[in-house]
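Asker: The structure follows.
The values are calculated or read from the model by the stated rules, or taken from the named source; none is laboratory data. Just so we're clear, the structure is a prediction, and the values are computed from it rather than from any experiment. Virtual Cβ from ideal backbone geometry, glycine too; neighbours counted across all protein chains shown.
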Amino acid sequence: MRCVHLGNTGLQVSALSLGTMTFGRESSEEESRRMFNRYLEAGGNFIDTANVYSNGVSEEILGRLLEDHREKVVLATKAFFRMEEGPYGAGASRKALMRAVEESLRRLRTGYIDLYQIHCWDLSTPIDETMDTLRRLIEQGKVRYAGCSNFTGWQIVQSQRAAAFSGWEGLVSAQMQYSLIERGVEYEVLPACLDEGLSLLAWGPLGGGFLTGKYRSGEQPAEGRIARATEDQEEAWSKRATKRNFAVLSAMEKVAKKRGCSISQVAINWLLCQEGVIPIVGARTLEQLEDNLGAEGWVLTDDEFERLSRAGSMENLYPYRFIEWANNRVWGK
Ligand SMILES: NC(=O)c1ccc[n+]([C@@H]2O[C@H](COP(=O)([O-])OP(=O)(O)OC[C@H]3O[C@@H](n4cnc5c(N)ncnc54)[C@H](OP(=O)(O)O)[C@@H]3O)[C@@H](O)[C@H]2O)c1
């Protein structure tokens, strides 16, 4: 598998990251082991987890799987969501993060985390405190690089300003939901990442399974994550089963048919075609992972990429629309 640089760093990671949110949840430890081994065999080295996945079980399983592989792997985890009762059992304060990192190290059976990500912007902690804590964790050797997840564009830039003020590099990645049916990051987050030199790690590249073709228009889903959703199932389905999303799926089906590949591979390859974007592939079974790994090693043509992008294009909102219009007027295309 190809390697790319993580942000502006010298750290090379595989073009596809392996997500482990299913480990210890819908995938047994045995199935997780099979997926982990297959991913390494395919040349992958970039593994993503979080303390909150299966309430620590995903990290524990990974800790056992990493035993003979730790040095070959770039290990990413996250903290923010609630792990314990009380004000320090969640969030991105210094006290919460310093405890969370120790707990993750223990579960992962390692002395260091390669990429430590703040799982979500914390409205109750000053970003200066969070960034200073990340810097200290790096100085202590417990963490090698820092990243964020579920931040807006201005929050990413503010984080980088806080880091620059104390003279360090700051965030190297932003982990965000991004797929052919969830493109909100294109307004601000992706431009912010490119401008600040961060990689965008794309979670949910298959829209939770919708972009595989296994859900059909007009049919209530009987199985798969969207059918099992713990939130109101009706809502999980109606949120995705829109006219626009089925139009995207239909455009993908045409490309997949012409290319003789799967719809999932088209979804992931569309992300791979974009500068600075590293898809995190998630799977419940080895068979699904095998399918998803086939997204690497080829590229959509410019025409295919454009057609897919147009199928799910977003509303051109103010002020982005105004800035584009005014600049075209002043400077021409
Ligand atoms: N930072 C965050 O807030 C955040 C949030 C979510 C995830 N993540 C990370 O991103 C990773 C990927 O996210 P995701 O799981 O939401 O990704 P996704 O690719 O959108 O959905 C994965 C799910 O789709 C189904 N699937 C996958 N491959 C398939 C295939 N080839 N054919 C048919 N069905 C297939 C499986 O569910 P079923 O078979 O059960 O339908 C699988 O669990 C996670 O593991 C985690 O590391 C991060």
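Asker: Name the residue, out of 159, 173, 166, that is of a type in the set (S, T, N, Q) and within 15 Å of the chain's Cα centre (by Cα).
Answerer: Values: 159 fails: within 15 Å of the chain's Cα centre (by Cα); 166 fails: within 15 Å of the chain's Cα centre (by Cα).
Among 159, 173, 166, only 173 is of a type in the set (S, T, N, Q) and within 15 Å of the chain's Cα centre (by Cα).
Asker: Give the residues of segment 222-245 that are charged (D, E, K, R) and part of a helix (DSSP H, G or I), sorted by residue number. Steps first, answer last, please.
Answerer: Step one: of segment 222-245, the residues charged (D, E, K, R) are 223, 225, 228, 231-232, 234-235, 239-240, 243-244.
Answer for segment 222-245, where residues must be charged (D, E, K, R) and part of a helix (DSSP H, G or I): 225, 228, 234, 235, 239, 240, 243, 244.
Asker: So, in segment 223-260, of the ones that are farther than 21 Å from residue 314 by Cα and within 11 Å of the ligand (Cβ to nearest atom), which residue ends up surrounded by the fewest Cβ atoms within 10 Å (Cβ to Cβ)?
Answerer: By that ranking, first place goes to 223.
Asker: List every residue pair whose Cβ atoms sit under 6 Å apart, with the two residues 6 or more apart in sequence or on different chains, where the first one lies in segment 165-183 and is closer than 18 Å to residue 6 by Cα and the second, anywhere, is β-branched (Val, Ile, Thr) and assigned to a loop (DSSP other than H, G, I, E, B).
Answerer: From segment 165-183, the pairs are 172/9.
Asker: Considering each of 218, 147, 213, 197 in turn, give the residue that is away from the ligand (no atom under 14 Å from the Cβ), over 17 Å from residue 314 (Cβ atoms) and either at pLDDT 95 or above or in contact with a Leu (Cβ under 8 Å, 6 or more places away or on another chain) (or both). Walk me through how you get there before you give the answer.
Answerer: Working: 218 fails: either at pLDDT 95 or above or in contact with a Leu (Cβ under 8 Å, 6 or more places away or on another chain) (or both); 147 fails: away from the ligand (no atom under 14 Å from the Cβ); 213 fails: away from the ligand (no atom under 14 Å from the Cβ).
Going through 218, 147, 213, 197 in turn, just one is away from the ligand (no atom under 14 Å from the Cβ), over 17 Å from residue 314 (Cβ atoms) and either at pLDDT 95 or above or in contact with a Leu (Cβ under 8 Å, 6 or more places away or on another chain) (or both): 197.
Asker: What pairs can you find where one residue is in segment 45-56 and more than 9 Å from the ligand (Cβ to nearest atom), the other is polar (S, T, N, Q), and their Cβ atoms are less than 8 Å apart, with a gap of 6+ or different chains?
Answerer: As it stands, the answer is 45/14; 46/14; 46/17; 51/77; 51/104, since those pairs meet every condition given.
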